[in-house]
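Asks: Provided herewith is a single structure, encoded as structure tokens, for subsequent inquiry.
The values are calculated or read from the model by the stated rules, or taken from the named source; none is laboratory data. The structure presented is a predicted model; accordingly, all values stated were derived computationally and were not measured. Neighbour counts are summed over all protein chains in view; Cβ atoms, including those assigned to glycine, are modelled from backbone coordinates with ideal geometry.
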Amino acid sequence: MPKELIFEGRTTTEAIEKGLKELKVSKDKVEITVLEAEEKRSFFSILAPRVVKVKMVLKEEKINTKKESTKRKDPIKYEVSEEELQKAKEATEKFLNEFLQAIKKEITSKTEIKDSSILVTLEGENASEFIGYRGEVLNALQSLLSTIANKDRKGKIKLILDIANYKEKREKTLEDLAVKVAKSVVKTGKSITLEPMTAYERKIIHSKLQENSRVTTYSVGEEPHRRIVIQKNK
């Protein structure tokens with residue numbers, strides 16, 4: 001069976017149902033991406049047949065593909081020595097110290113090595129200024145610090161930045177949102193599409209509702225405007 005298939009319908013629901021019927025699987029067994037959504041039609045296209053396309057990928061096959069791909073890679077590529085971790089930590093600390101001194105804000109930083117990763121935390125009265133709308137500034141700063149930490153390194157070093165305990169608070173907010181929206185979907189029977197989220201945030205929503213047998217979640221759209229759809233199971 002192919003790893004992925006494209007299905008068409010007059011509506012998104014019809015295209016999804018057609019795909020599930022042909023693949024003979026339930027929604028929780030596939031990852032669904034809407035390729036061509038239902039949009040308002042122009043006067044010149046009113047006579048053209050409406051077509052909605054969705055792509056379906058079997059989750060199990062997708063996981064197997066990742067495992068096979070991992071086996072082909074050289075594991076040495078991902079090994080990071082303690083010496084490299086320490087050098088990455090020092091480079092990160094040096095940049096942060098110079099950066100915080102330059103902006104003259106009441107912010108303190110802490111950098112530590114944990115589980116072969118570098119953890120950076122920022123605290124202080126003005127620390128929240130570096131979070132931004134839904135963590136946009138935080139994510140940008142994390143990418144910058146990750147680039148600095150990995151410069152001239154042989155292995156890939158994972159760097160995680162948290163500011164004023166934002167990530168833990170954001171995770172709790174998203175989990176509460178997932179539960180609230182799922183209840184509304186079950187009650188009304190109408191699907192709800194959430195606002196665009198990062199892959200990290202979408203993963204929180206998917207994970208929270210994974211055990212909820214009454215709803216299905218899937219993503220639509222392209223980055224950075226990819227959204228989660230929560231739909232009631234039949």
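Yes/no matrix, rows are residues, columns are (1) among the small types (Gly, Ala, Ser); (2) modelled with pLDDT of 80 or more; (3) loosely packed, with under 11 Cβ neighbours inside 10 Å; (4) closer than 30 Å to LYS208 by Cβ:
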| site | (1), (2), (3), (4) |
| --- | --- |
| ILE6 | no, yes, no, yes |
| GLY9 | yes, yes, no, yes |
| GLU14 | no, yes, no, yes |
| GLU31 | no, yes, no, yes |
| LYS40 | no, no, yes, no |
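Asks: Separate question: Suppose the filter is outside the structural domain of VAL229 (by TED's automatic domain parsing) and in contact with a Gly (Cβ under 8 Å, 6 or more places away or on another chain); does LYS105 pass it? So that I can check it myself, show each step before the final result.
Replies: Details: outside the structural domain of VAL229 (by TED's automatic domain parsing): yes; in contact with a Gly (Cβ under 8 Å, 6 or more places away or on another chain): yes.
It is true that LYS105 is outside the structural domain of VAL229 (by TED's automatic domain parsing) and in contact with a Gly (Cβ under 8 Å, 6 or more places away or on another chain).
Asks: Might you let me know whether the range 198-205 holds any residue that is of a type in the set (D, E, K, R) and not in a helix (DSSP H, G or I)?
Replies: Filtering the range 198-205 down to residues of a type in the set (D, E, K, R) leaves 201-203.
Cutting the leftovers down to not in a helix (DSSP H, G or I) gives us none.
Looking through the range 198-205, none of the residues is of a type in the set (D, E, K, R) and not in a helix (DSSP H, G or I).
Asks: Give LEU138, LEU122 a once-over and let me know the one that is of a type in the set (A, V, I, L, M, F, W, C), surrounded by 15 or more Cβ atoms within 10 Å (Cβ to Cβ), part of a strand (DSSP E or B) and assigned by TED's automatic domain parsing to the domain that holds GLU82.
Replies: Values: LEU138 fails: part of a strand (DSSP E or B).
From the options LEU138, LEU122, the qualifying one is LEU122.
Asks: Could you list, in sequence order, the residues of the range 108-119 that are more than 23 Å from ARG202 (Cα to Cα) and surrounded by fewer than 17 Cβ atoms within 10 Å (Cβ to Cβ)? If you could, list the steps in order and put the result at the bottom.
Replies: As a first pass, look at the range 108-119 and keep what is more than 23 Å from ARG202 (Cα to Cα): 108-116, 118.
Of everything in the range 108-119, those that are more than 23 Å from ARG202 (Cα to Cα) and surrounded by fewer than 17 Cβ atoms within 10 Å (Cβ to Cβ) turn out to be THR108, LYS110, GLU112, ILE113, LYS114, ASP115, SER116.
Residue by residue, here is whether (1) among the small types (Gly, Ala, Ser); (2) at pLDDT below 95; (3) in the same structural domain as GLU129 (by TED's automatic domain parsing) holds:
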site	(1), (2), (3)
LYS158	no, yes, yes
LEU177	no, no, no
GLU195	no, yes, no
ALA199	yes, yes, no
GLU223	no, yes, no
ARG227	no, yes, no
LYS234	no, yes, no
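Asks: Within the range 8-37, take every residue that is part of a helix (DSSP H, G or I) and acidic (Asp, Glu) and give me the one that is nearest to LYS59 (Cα to Cα).
Replies: Across the range 8-37, the extreme among qualifying residues is ASP28.
Asks: Here are some residues: ILE163, ILE205. Which one is in contact with a helix residue (DSSP H, G or I) (Cβ under 8 Å, 6 or more places away or on another chain), closer than 18 Å to GLU31 by Cα and crowded, with 19+ Cβ neighbours inside 10 Å?
Replies: Sole residue among the options that is in contact with a helix residue (DSSP H, G or I) (Cβ under 8 Å, 6 or more places away or on another chain), closer than 18 Å to GLU31 by Cα and crowded, with 19+ Cβ neighbours inside 10 Å: ILE205.
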